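Some notes on the structure that comes next.
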Amino acid sequence: MTTMLSRRTAIAAALALTVPGPLSQAWASSGPASFAPLVKRVMPTVVNIAVTETVSGNDAFASLPAELQRQFRERFRQRRQQVTGAGSGFIIDAAGYIVTNNHVVGNADSILVVLSDGTELPAKLVGTDELTDVAVIKVVASTPLPTATWGDSRALEVGDWVVAAGNPFGLGGSVTAGIVSARGRDLGAGPFDDFIQIDAPINPGNSGGPLFNADGQVVGVNSAIYSPSGGSVGIGFAIPAELVSRVVAELRTKGRIDRGWLGVSVQDVQASPRGPAGVGIAAVDRAGPAAKSGLRPGDIVTSINGQPVDTARALIKGIALTPPGNSVRVVVRRQGKDVELPVTVGRRPKIEEN
């Protein structure tokens, strides 16, 4: 199973990593002789993040066996409690802006950041994006903070060295190294799935920690693992820096990401003698923008603004990237005929999926 790294671990730590100067021949031939210089240089740029969150009694027992869940829910039906969670983050601006995962801080009542020198600072939430699992928080420090730098995740190739760091299972700051195992992984988490798969071990406690290339630049944010046991089996996933950096820039400017939304349930439709491949409209929200624009259940969307659309994921992504309020030209196959409809895209509600 694929799981987002847990918030229910001890305080997590991560080490932003860099290499002073160009790669040596040792990297090119058999890998680095040591990661120590890389670790020492930018350790101050990475922070621990501790969160406190209020959950209902039912939520608190979700990980228990079914019978125990029933017993505890009966006993604590009306109670709410404070739970602590943890994650990692890295500083991207000397003024105190920090990047982490949305699933680390998105529901937090309070956030405490611990710098590498032990300084504890309260943090405020600047903004989150659930679809990409990216969040930005901010602290106020007495002096400018050291910062990590973005790398070009698009330049990563399968087989390249990468380094991850964090605080797995609360065991203290740990650094792991490995290679890029695959690119463009779709985990079914959302329309923007484009994960970097790595074999550098990551575990619960690594959430929000940076993934670095051999030059010490941030090329990803560690976010998920594939594991039948909950621990590392050598298959981890990071959100590419190319996506994260764009989301972070918008969150810092506006505090939110305005995603486009149609208000429809969709499914893939394969090509057949009766028509081309497309995306079937299974249901339409009566109060949503699709209904107001004339889209109907049974329509098959074949293109948006002249670009062919043949999967539900492509449709959702295309609409999500359209600023709310903008109009798009949607071509649908309806009763054997192509019909073009101008559709004004709405703003995606926080709890909606399409």
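The values are calculated or read from the model by the stated rules, or taken from the named source; none is laboratory data. Everything numeric in this text was worked out from a predicted model, so none of it was measured. Every residue, glycine among them, receives a Cβ derived from its backbone with ideal geometry; neighbour counts consider all protein chains shown.
Brief remarks follow.
- For region 220-242, the set of residues classified as within 17 Å of residue 89 (Cβ to Cβ) and in contact with an Asp or Glu (Cβ under 7 Å, 6 or more places away or on another chain) consists of 223, 239, listed by residue number.
- Residue in region 236-244 that is in a strand (DSSP E or B), in the same structural domain as residue 200 (by TED's automatic domain parsing) and among the β-branched types (Val, Ile, Thr) present: yes
- Some residue of region 293-315 being crowded, with 21+ Cβ neighbours inside 10 Å, over 25 Å from residue 186 (Cβ atoms) and either more than 27 Å from the chain's Cα centre (by Cα) or not hydrophobic (A, V, I, L, M, F, W, C) (or both): yes
- Of all residues in region 238-262, exactly one satisfies the criterion of being surrounded by fewer than 18 Cβ atoms within 10 Å (Cβ to Cβ) and of a type in the set (Val, Ile, Thr), namely 253.
- Out of 207, 232, sole residue that is assigned to a loop (DSSP other than H, G, I, E, B) and within 18 Å of residue 129 (Cα to Cα): 207
- Scanning region 113-145 for residues that are part of a strand (DSSP E or B), more than 13 Å from the chain's Cα centre (by Cα) and among the hydroxyl-bearing types (Ser, Thr, Tyr) returns no hits.
- Within region 89-104, being of a type in the set (A, V, I, L, M) and more than 15 Å from residue 239 (Cβ to Cβ) holds for 91, 94, 95, 98.
- Residue in region 174-184 that is within 25 Å of residue 250 (Cβ to Cβ), at pLDDT below 95 and of a type in the set (Ser, Thr, Tyr) present: no
- Residue within region 252-261 that is within 20 Å of residue 133 (Cα to Cα) and among the polar types (S, T, N, Q) present: yes
- Residue in region 148-167 that is of a type in the set (Val, Ile, Thr), farther than 17 Å from residue 45 by Cβ and modelled with pLDDT of 95 or more present: yes
- Scanning region 332-342 for residues that are more than 12 Å from residue 296 (Cα to Cα) and in contact (Cβ under 8 Å) with a residue 24 or more places away in the chain yields 336, 338, 342.
- Of the strands (runs of 3 or more DSSP E) lying entirely inside region 264-354, the ones with 3 or more residues being under 26 Å from residue 128 (Cβ atoms) are found at 264-269.
- Per the listing 155, 164, the residue uniquely buried (at least 22 other Cβ atoms within 10 Å of the Cβ), in the same structural domain as residue 92 (by TED's automatic domain parsing), under 30 Å from residue 193 (Cβ atoms) and under 21 Å from the mean Cα position of the chain (by Cα) is 164.
- Condition check for residue 221: over 15 Å from the mean Cα position of the chain (by Cα), in the same structural domain as residue 44 (by TED's automatic domain parsing) and either touching a residue at least 24 places away in the same chain (Cβ under 8 Å) or within 17 Å of residue 46 (Cα to Cα) (or both): no
- Every residue from region 263-274 that is surrounded by 14 or more Cβ atoms within 10 Å (Cβ to Cβ) and either in the same structural domain as residue 210 (by TED's automatic domain parsing) or among the small types (Gly, Ala, Ser) (or both): 263, 265
- Just one residue in the set 328, 332 is assigned by TED's automatic domain parsing to the domain that holds residue 264 and in contact with a helix residue (DSSP H, G or I) (Cβ under 8 Å, 6 or more places away or on another chain); that residue is 328.
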